[in-house]
Amino acid sequence: MARDDRLSPAPSPVGRPQGEGLDALTEGQLLKLLVDHINDGIIVMDRGARILWTNAGFSRQTGWSAEEARGRRPQEFLMPQEVRPSQAEIDQFDFDMVPEDFEDFQIVQNMRKDGGRYWVQLAFSQADLQEGVRVICAARDISGQVAAQDALAAAKAELEHSVNSDVLTGLANRRRLGEVLAEALEGAAARDGQVALFHVDLDKFKEVNDTHGHAAGDAILVHAAEAMTRSTREQDLVARVGGDEFVIVMPTAPTPQELAELARRIIHEVTRPLPWEEVELQCGASIGIAVSDPGLLDGEELIQQADFALYDVKQKGRGSYASYDQALADKHLEKKRMAEDLRRTVGEGGLHFHFQPVLSLATQEIIGVETLARWMHPTRGLIAPAEFIAMAEDNGLLTDLDMSAMQACAEALAELRGRGFHRIGASFNASSQTLATGGLLDRLKWTAERLELPHERLWVEVLETVVFGGDAAETDLAREIEGLVAAGFPTLLDDFGVGYAGLSHLAQLHVTGIKIDRSLVRTLSIDPTSAAIVHSIVRLTEELGLTVTAEGVEDASSAAMLAAMGCERAQGFGIARPMPLPQLIEWLDQFDPDMLFRDDEGSEEIMDVA
Ligand code: C2E
Ligand code: CA
Ligand code: CA
């Protein structure tokens with residue numbers, strides 16, 4: 001029995017509320033306490049909505065006292081005038097007519113005594129008393145939530161706009177372009193018409209940005225956007241699709257003559273100098289033009305055609321325009337085929353890698369080799385990276401390519417070490433894509449472990465332009481480089497002296513060395529300015545404790561100058577050309593410093609496809 005006692009709660013004494021500190025109150029007093037202090041307004045009405053009683057919360061909410069409210073109907077004084085029913089309707093009102101009021105919350109706008117508006121959430125219930133039906137309404141002020149919701153809706157609308165437009169220029173963005181272009185092509189197909197498309201690329205935009213700063217760059221973009229909007233028709237769409245790239249869609253294609261004229265006008269307008277602060281800014285424009293084939297529905301295809309025409313313009317010297325015609329279409333097809341071949345080759349691991357020795361100028365020993373990709377094309381022979389690296393990048397193959405290079409580099413290093421060349425390191429080139437993708441460090445570590453290679457013999461070359469090319473990506477890449485260096489893989493800044501990084505950047509970047517670009521090295525012995533530049537680069541990097549490699553060393557006098565400056569390493573045709581691994585091994589076996597800069601045999605047979 002004792003057990004049952006514990007299970008069933010003791011009956012509470014009638015009229016005596018339970019709860020700590022409330023024992024002194026009667027239930028009536030407690031209810032009054034609640035009703036007076038609750039923030040919700042409570043109204044008791046009859047079936048006709050005539051107010052019989054209100055609580056203190058009601059008065060706080062509405063500004064009306066209980067006496068003022070009593071006998072009136074909410075519709076008459078709480079409902080704002082603009083939504084208030086007619087007096088006749090109010091007189092006829094009966095809660096029986098609106099059973100749905102009792103089912104769910106209602107959200108309505110009410111009016112205070114001072115005329116101010118606020119949102120309330122209403123909950124109705126009824127009680128059948130002897131005196132008749134009483135309707136109880138609890139009103140909660142939710143103005144705060146409604147305001148928040150309005151703000152949310154406004155933010156959504158704004159987002160919608162920004163999703164479709166470019167914030168800086170107010171032009172349509174890539175997304176909007178896609179929609180409009182798809183519509184335009186459908187419309188054209190339906191009426192047997194054609195859509196024309198311009199791909200506009202600003203020339204020298206980067207120069208403006210680099211010389212005068214981002215604000216100037218922004219001003220130029222706005223100026224160019226205005227020039228394009230001004231030059232086109234109401235029905236045409238101008239979109240900004242990249243940093244300094246624009247696309248113009250003309251849903252009804254003008255004649256070829258008109259298109260050419262429009263292109264000339266846009267180039268003229270964009271090129272017009274723009275006064276800005278104390279200076280004049282100026283950029284140019286190149287335009288690729290494509291007109292849709294009858295029935296074409298693929299917008300991407302049309303953009304690609306204009307893009308290809310633009311590419312042609314840029315190759316021929318910018319500041320002009322070209323239309324995608326049959327000749328370009330043939331070239332385009334060929335390029336696509338090449339891209340396909342490259343995709344297959346990279347996918348099958350069919351790329352070749354050659355290795356170019358790096359000489360220590362101090363000890364006259366070979367201390368390294370650089371891994372350089374080569375593509376043996378079935379019909380075109382050996383193709384140099386100048387042609388296919390860009391193609392790999394455009395087709396998203398660069399990371400795979402770099403990973404193959406890393407693999408080839410590590411395997412070559414293992415092979416060399418197996419043959420007793422323990423003091424040689426091997427480098428490979430890692431593009432920004434590869435660094436940004438992440439995962440290089442892990443694969444490198446894993447490969448080093450698998451092949452039992454000391455980390456300090458595996459070198460990574462990072463392109464200088466890569467590191468300073470983007471803005472947000474910059475820090476990611478810097479971090480990636482730090483990771484490589486921290487793991488003990490020497491990391492070299494490639495092509496130093498031609499990109500964007502000044503000497504000041506070098507201190508911030510945690511590389512272990514640099515490679516001086518061959519454009520500086522080439523003119524070393526004939527141009528005192530490049531000699532001075534190279535000399536100061538060598539001095540500075542030495543002070544920073546970095547290794548320096550001079551690239552493109554072709555003759556003995558350059559090598560001697562570099563050695564005198566204290567440049568530690570040299571690489572170039574004067575030492576050796578890149579060669580396949582078996583040939584490299586043979587070369588290393590026979591290596592004799594005295595044979596350097598003597599002959600230039602064994603040159604690679606590389607096809608010039610460009
Ligand atoms: P890089 O990294 O600056 O490589 C050195 C380039 O200079 C090589 O060209 C090499 O053949 C050439 N070179 C070396 N010594 C001399 C010289 O004395 N005179 C002259 N005129 N040239 C010399 P290559 O092999 O055509 O490579 C061109 C570029 O392609 C490389 O420049 C590198 O940026 C890129 N590349 C090559 N392989 C890869 C790779 O696996 N991945 C990536 N991302 N890029 C690669
Ligand atoms: Ca390199
Ligand atoms: Ca280089």
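The values are calculated or read from the model by the stated rules, or taken from the named source; none is laboratory data. Computed from a prediction, not measured in an experiment: that's the story for all the values here. Every residue, glycine as well, gets a Cβ built from its backbone with ideal geometry; the counts of neighbours run over all protein chains shown.
Which one of these is within 28 Å of D341 (Cβ to Cβ), in contact with a Phe, Trp or Tyr (Cβ under 9 Å, 6 or more places away or on another chain) and within 14 Å of ligand 1 (Cβ to nearest atom): T371, T399?
T371
For the stretch 322-329, state whether one or more residues are at pLDDT 95 or above and within 16 Å of ligand 1 (Cβ to nearest atom).
no
So how many residues does the stretch 432-447 have that are closer than 15 Å to C409 by Cα and of a type in the set (S, T, N, Q)?
Qualifying residue count, the stretch 432-447: 1.
Looking at the stretch 264-275, which of the residues that are touching a helix residue (DSSP H, G or I) at 6+ places or on another chain (Cβ under 8 Å) and in a helix (DSSP H, G or I) is farthest from F205 (Cα to Cα)?
Only one residue tops the list, namely R265.
Mind telling me which of the residues L520, L581 ends up being surrounded by 15 or more Cβ atoms within 10 Å (Cβ to Cβ) and away from ligand 1 (no atom under 13 Å from the Cβ)?
L581
Condition test on G28, is it part of a loop (DSSP other than H, G, I, E, B), more than 59 Å from the chain's Cα centre (by Cα) and at pLDDT 85 or above?
no
Would you pick out the residues in the stretch 495-517 that are at pLDDT 90 or above, within 13 Å of ligand 1 (Cβ to nearest atom) and assigned to a loop (DSSP other than H, G, I, E, B)?
Residue satisfying the conditions is D517 alone.
Out of A184, A188, A239, A253, which single residue is closer than 22 Å to R318 by Cα and at pLDDT 95 or above?
On the way: A184 fails: closer than 22 Å to R318 by Cα; A188 fails: closer than 22 Å to R318 by Cα; A253 fails: closer than 22 Å to R318 by Cα.
Exactly one residue qualifies, and that residue is A239.
Taking the stretch 177-210 as the region of interest, how many residues are crowded, with 19+ Cβ neighbours inside 10 Å and assigned to a helix (DSSP H, G or I)?
Count: 9.
Looking at A405, A414, which is the one that is out of contact with any Pro (no Cβ under 8 Å at 6 or more places or on another chain), at pLDDT 95 or above and under 28 Å from A478 (Cβ atoms)?
Working: A414 fails: under 28 Å from A478 (Cβ atoms).
The match here is A405.
Assuming E261 fulfils every condition listed in (1) without any contact (Cβ under 8 Å) to a residue 60 or more places away in the chain; (2) in contact with a helix residue (DSSP H, G or I) (Cβ under 9 Å, 6 or more places away or on another chain); (3) under 23 Å from K314 (Cβ atoms); (4) not in a strand (DSSP E or B) apart from one, which condition is it?
(2) is the only condition that E261 fails.
Scan the stretch 417-437 for residues that are part of a loop (DSSP other than H, G, I, E, B) and either away from ligand 1 (no atom under 16 Å from the Cβ) or more than 20 Å from V485 (Cβ to Cβ) (or both) and jot them down.
Answer for the stretch 417-437, where residues must be part of a loop (DSSP other than H, G, I, E, B) and either away from ligand 1 (no atom under 16 Å from the Cβ) or more than 20 Å from V485 (Cβ to Cβ) (or both): R419, G420, F421, H422, R423, I424.
For the stretch 306-319, indicate whether the set of residues that are surrounded by 18 or more Cβ atoms within 10 Å (Cβ to Cβ), more than 28 Å from E334 (Cβ to Cβ) and not charged (D, E, K, R) is non-empty.
no
In the stretch 410-426, which residues are charged (D, E, K, R) and in contact with an Asp or Glu (Cβ under 9 Å, 6 or more places away or on another chain)?
If the condition is that a residue be charged (D, E, K, R) and in contact with an Asp or Glu (Cβ under 9 Å, 6 or more places away or on another chain), then R417, R419, R423 are the ones that fit.
Give the number of residues within the stretch 374-384 that are within 10 Å of ligand 1 (Cβ to nearest atom) and modelled with pLDDT under 95.
Result for the stretch 374-384: 2.
Working only within the stretch 548-562, note down all residues that are crowded, with 17+ Cβ neighbours inside 10 Å, assigned to a loop (DSSP other than H, G, I, E, B) and more than 35 Å from the chain's Cα centre (by Cα).
G552, V553, E554, listed by residue number.
I need the full set of residues from the stretch 531-557 which are away from ligand 3 (no atom under 16 Å from the Cβ) and polar (S, T, N, Q), in order please.
S536, S557
Only residues that are crowded, with 18+ Cβ neighbours inside 10 Å and either among the polar types (S, T, N, Q) or within 29 Å of the chain's Cα centre (by Cα) (or both): list them for the stretch 322-335, please.
S323, H332
Working only within the stretch 263-274, note down all residues that are touching a strand residue (DSSP E or B) at 6+ places or on another chain (Cβ under 8 Å) and not small (G, A, S).
Going through the stretch 263-274, the residues touching a strand residue (DSSP E or B) at 6+ places or on another chain (Cβ under 8 Å) turn out to be 263-264, 266-267, 270-271, 273-274.
Answer for the stretch 263-274, where residues must be touching a strand residue (DSSP E or B) at 6+ places or on another chain (Cβ under 8 Å) and not small (G, A, S): R264, I266, I267, V270, T271, P273, L274.
Which is modelled with pLDDT of 95 or more and of a type in the set (F, W, Y), of F95, F58?
Testing whether each residue is modelled with pLDDT of 95 or more and of a type in the set (F, W, Y) leaves just F58.
Between a residue in the stretch 521-547 that is part of a helix (DSSP H, G or I) and any residue that is of a type in the set (K, R) and buried (at least 16 other Cβ atoms within 10 Å of the Cβ), which pairs come within a Cβ distance under 9 Å, given they are 6 or more apart or on different chains?
Filtered contacts from the stretch 521-547: S530/R522.
Condition check ((1) within 17 Å of H510 (Cβ to Cβ); (2) at pLDDT 90 or above; (3) surrounded by 14 or more Cβ atoms within 10 Å (Cβ to Cβ)) across all residues:
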| residue | (1), (2), (3) |
| --- | --- |
| N429 | no, yes, yes |
| T447 | no, yes, yes |
| E456 | yes, yes, no |
| E464 | yes, no, yes |
| T475 | yes, no, no |
| I481 | yes, yes, yes |
| V485 | yes, yes, yes |
| F489 | yes, yes, yes |
| L493 | yes, yes, yes |
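Report those helices (runs of 4 or more DSSP H) wholly inside the stretch 52-162 carrying at least 2 residues which are of a type in the set (G, A, S).
56-62, 66-69
Does R374 satisfy the condition of being basic (K, R), away from ligand 2 (no atom under 16 Å from the Cβ), in contact with a helix residue (DSSP H, G or I) (Cβ under 8 Å, 6 or more places away or on another chain) and more than 15 Å from D494 (Cβ to Cβ)?
no
Any chance you could count how many residues in the stretch 563-579 are within 13 Å of ligand 3 (Cβ to nearest atom) and assigned to a loop (DSSP other than H, G, I, E, B)?
Going through the stretch 563-579 one residue at a time, the tally reaches 3.
What are the residue pairs meeting all of these: first residue in the stretch 232-257, first residue farther than 14 Å from N164 by Cβ, second residue of a type in the set (K, R), Cβ atoms under 7 Å, and 6 or more apart or on different chains?
If the second residue must be of a type in the set (K, R), the pairs left are F246/R240.
To keep it simple, each residue is scored yes or no on (1) within 16 Å of ligand 2 (Cβ to nearest atom); (2) more than 21 Å from V511 (Cβ to Cβ).
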residue: G368; (1), (2): yes, no
residue: F388; (1), (2): yes, yes
residue: E393; (1), (2): yes, yes
residue: E411; (1), (2): no, yes
residue: R417; (1), (2): no, yes
residue: G420; (1), (2): no, yes
